[in-house]
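What follows is calculated from the coordinates using simple rules that are stated; it is not laboratory data. On a predicted model such as this, the values are computed, not experimentally measured, just so you know. Heads up, the Cβs are rebuilt from the backbone with ideal geometry, glycines too, and the neighbour counts pull from every protein chain shown.
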Amino acid sequence: GYSITPTGLSQDLISLIQQDIATLHTSEFTPASIGRHDDVGLNRFVRTDSICWIEGTMPGCSAWNEWMEELKEYLNRRLYLGLFAFESHIAQYQPGNFYKRHVDAFKGGNNRVLSVVSYFNSGWGPYDGGELVIYQNELDLQGIQVTPVAGTLVVFLSEDFPHEVLPAARTRYSIAGWFRQNPGSDHL
């Protein structure tokens with residue numbers, strides 16, 4: 001149900017996205033909210049990161065979207081997941097920022113099927129924090145920690161794996177994205 005690949009992204013893609021991130025102005029990041037549709041709001045107890053939705057106009061983000069399209073086609077051919085659309089954002093965690101334990105989709109919601117997280121932090125050390133913790137299930141209290149080192153790619157079933165981001169000690173960048181099924185799909 002999940003995959004953690006420390007060298008999941010090519011160095012060329014990492015460099016392009018790092019260049020895109022470097023060109024983003026602080027004002028292009030907005031405080032991240034929680035919830036969906038009519039129940040969306042800020043909750044600084046749950047999450048304190050800021051995000052910038054990827055539109056695909058920057059070179060690295062365009063390459064990211066193309067790569068995700070290829071991944072979607074591959075997964076649909078090999079695993080018959082019925083993935084239809086993809087959305088993603090760049091997340092910025094300033095020192096002290098976190099995102100408490102949550103799931104990316106509710107059981108049977110037939111929306112977000114597969115979550116993707118990748119990192120763009122060069123020289124990340126053991127005291128820099130900001131680890132992603134993936135829990136096997138809702139009863140798991142330990143989880144698996146993933147250090148946010150540039151190029152690491154994490155993929156997991158959106159409704160099956162609770163996860164959180166521990167407080168970062170320095171500014172941390174990632175891309176979080178979600179493959180969705182067609183709303184009329186009856187897969188899974």
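Between rounded, prolate and oblate, where does the stretch 112-188 land on the alpha carbon gyration tensor, with a ≥ b ≥ c its root eigenvalues, rounded for a/c under 1.5, else prolate if a/b exceeds b/c?
Oblate, since a/c reaches 1.5 and b/c is not below a/b.
Assigning unit charges at the beta carbon (Lys, Arg +1; Asp, Glu -1) and nothing else, what dipole magnitude in debye, to the nearest 20, does the chain show about its Cα centre?
Magnitude of the dipole: close to 280 debye.
Classify the stretch 1-158: rounded, prolate or oblate, from the alpha-carbon gyration tensor (a ≥ b ≥ c, eigenvalue square roots; a/c under 1.5 rounded; otherwise prolate if a/b is larger than b/c)?
rounded
Name the residues whose placed amide hydrogens come within less than 5 Å of the amide hydrogen of Gly143, ignoring near sequence neighbours (fewer than 5 apart) on the same chain.
Excluding prolines and chain starts, which carry no amide H, the hits are Gln136.
Ignoring everything except DSSP H segments at least 4 long, calculate the 222 nm mean residue ellipticity for the chain; use -39,500 (n - 2.57) per segment, divide by total residues, nearest 500.
Helix contribution divided over all residues of the chain: -6000 deg cm²/dmol.
Taking a ≥ b ≥ c as the square roots of the Cα gyration tensor eigenvalues, with a/c under 1.5 meaning rounded and otherwise prolate when a/b beats b/c, else oblate, which class fits the stretch 81-142?
Oblate.
In a Gaussian network model over the chain where Cα atoms closer than 10 Å are linked, find which of Leu75, Leu166, Leu114 has the largest mean-square fluctuation.
Evaluated over the chain, the most mobile residue of the options is Leu75.
Which one, Arg77, Arg170, Arg101, has the greatest fluctuation when you compute a Gaussian network model over the chain with C-alpha springs under 10 angstrom?
Arg77
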